[in-house]
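The values are calculated or read from the model by the stated rules, or taken from the named source; none is laboratory data. Just so we're clear, the structure is a prediction, and the values are computed from it rather than from any experiment. Here Cβ is always computed from backbone atoms with ideal geometry, including for glycine, and neighbour counts include all displayed protein chains. Note: accessible area is taken over every heavy atom of the protein model, side chains too, but ligands, DNA and RNA are not part of it. Shrake-Rupley method; radii C 1.70, N 1.55, O 1.52, S 1.80 Å.
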Amino acid sequence: MPEWKGKTRGGSLGYRIFIGLLKHCGLKAAYALLLLVVPYFVPFAPKATRASWWYWRNIHHKGRFASFCLLFKHYYRFGQIIIDKISAPSGYDKNFKYDFNDYERFLNVLNSGQGVVMIGAHFGHWELGGQFFGDYSKKINIVMYDAEYQKIKEQVEAAVGGRNYKVIPVNDDEMATIFNIKKALDNNEYVCFQGDRYINENKVLTHTFMGHEAKFPAGPFLIASRMHLPVVFYFSEKEDTHRYSFNFFFADPPKRSAEKKQEMQLLDQYVAVLEERMKVHPEQWFNFYKFWN
């Protein structure tokens with residue numbers, strides 16, 4: 001059974017506290033409160049802490065003392081990015097600066113007059129691009145697990161208003177989800193998946209990732225390979241307190257092959273790019289559960 005159940009940890013009270021602090025005291029005050037919150041999570045979120053400890057010890061091969069210190073850094077960075085998610089569309093975006101890597105080529109893909117499949121990960125601030133792609137944001141559809149979506153929707157939207165992008169929720173009605181994805185792509189819109197989380201154990205692809213075997217959701221890679229549309233791997237990463245980088249990587253179209261299925265060809269490329277980005281910003285890997293087999 002998958003460790004992740006489609007829900008993101010955190011209660012509505014926590015969101016309300018940080019939203020109120022942002023409104024009345026600003027971004028620095030919200031970051032400062034994290035210094036009090038993070039030590040709570042280390043002992044009182046045991047599953048997440050075990051996953052983070054294993055991550056630092058076995059994926060990045062850190063020593064015990066370094067791994068202990070990195071537990072706090074890992075949680076702190078996660079908290080910062082949640083705050084940024086709320087603050088950027090609330091009018092605090094003037095506090096941030098953004099670097100766009102390979103942006104012109106990315107715009108050429110968006111302007112190609114066809115649908116585009118974008119695949120990211122729970123790494124960095126994957127939602128941030130929906131706020132800063134201008135009119136392109138109106139054609140962005142983010143595929144998100146319904147339990148995760150509903151948990152944060154009410155609190156965040158109450159604070160920041162409507163989103164610039166659309167959400168395609170994933171729920172028990174699988175055919176409805178597929179229909180909405182295909183409809184968006186047929187309308188020459190952009191559909192964004194997160195390629196690193198799954199719920200259905202029977203619909204996964206297995207791949208060596210950072211030296212260990214891991215399972216990835218089959219859906220994004222199957223759809224991308226079947227639709228014969230441009231595929232872009234997209235990551236938004238926090239470079240420092242007030243700077244983000246948007247990084248775009250363009251997948252080679254998969255080819256029919258007796259040796260390797262087309263979805264696995266795309267997964268090969270995705271894993272290679274994600275490994276590269278994780279080595280640059282290891283503390284921005286936000287899957288706090290038993291990800292590797």
> So, counting K/R as plus one and D/E as minus one, what does the shell of residues with Cβ under 9 Å around N293 add up to?
Replying inline: +1
> Applying 1/(1 + (r/R0)^6) with R0 = 35 Å to the Cβ-Cβ distance of L107 and T241, what FRET efficiency is obtained, to the nearest 0.05?
Replying inline: 0.80
> Can you pick out the pairs among K97/K139; K97/K215; K85/K139 whose Cα atoms lie more than 27 Å from each other?
Replying inline: K97/K215
> Measuring with a 1.4 Å probe in the full set of protein chains, what accessible area per residue, in whole Å², belongs to the stretch 172-284?
Replying inline: 47 Å²
>> Give me, ordered by chain and number, the residues 5 or more places off V170 or on other chains with an amide H under 5 Å from its own placed amide H.
In response: M144, Y145, D146
> From largest to smallest, what semi-axes in whole angstrom does the stretch 10-89 give when each is the square root of 5 times an eigenvalue of its alpha carbon gyration tensor?
Replying inline: 27, 12, 10
>> How charged is the neighbourhood of A121? Take every other residue with its Cβ under 9 Å from the Cβ of A121, and add Lys/Arg as +1 and Asp/Glu as -1.
In response: +1
> Local charge sum around I181 (other residues, Cβ-Cβ under 13 Å, Lys/Arg +1, Asp/Glu -1)?
Replying inline: 0
> Label points 7 Å out from Cα along the Cβ direction at K182 and K261: separation in nm?
Replying inline: 1.8 nm
>> Between the stretch 200-274 and the stretch 50-65, how far is it from one alpha carbon centroid to the other, in angstrom?
In response: 24 Å
> If r is the Cβ-Cβ distance from D99 to R16 and R0 is 35 Å, what FRET efficiency results, to the nearest 0.05?
Replying inline: 0.60
>> Taking R0 as 41 Å, what FRET efficiency do you get between L33 and K138 from their Cβ-Cβ distance, rounded to the nearest 0.05?
In response: 0.75
>> Considering only protein heavy atoms and a probe of 1.4 Å, how much of the accessible area of the stretch 193-241 is carbon and sulfur, as a whole percent?
In response: 51 percent
> Put E201, E259 in order of accessible area, largest first, 1.4 Å probe: what do you get?
Replying inline: E259, E201
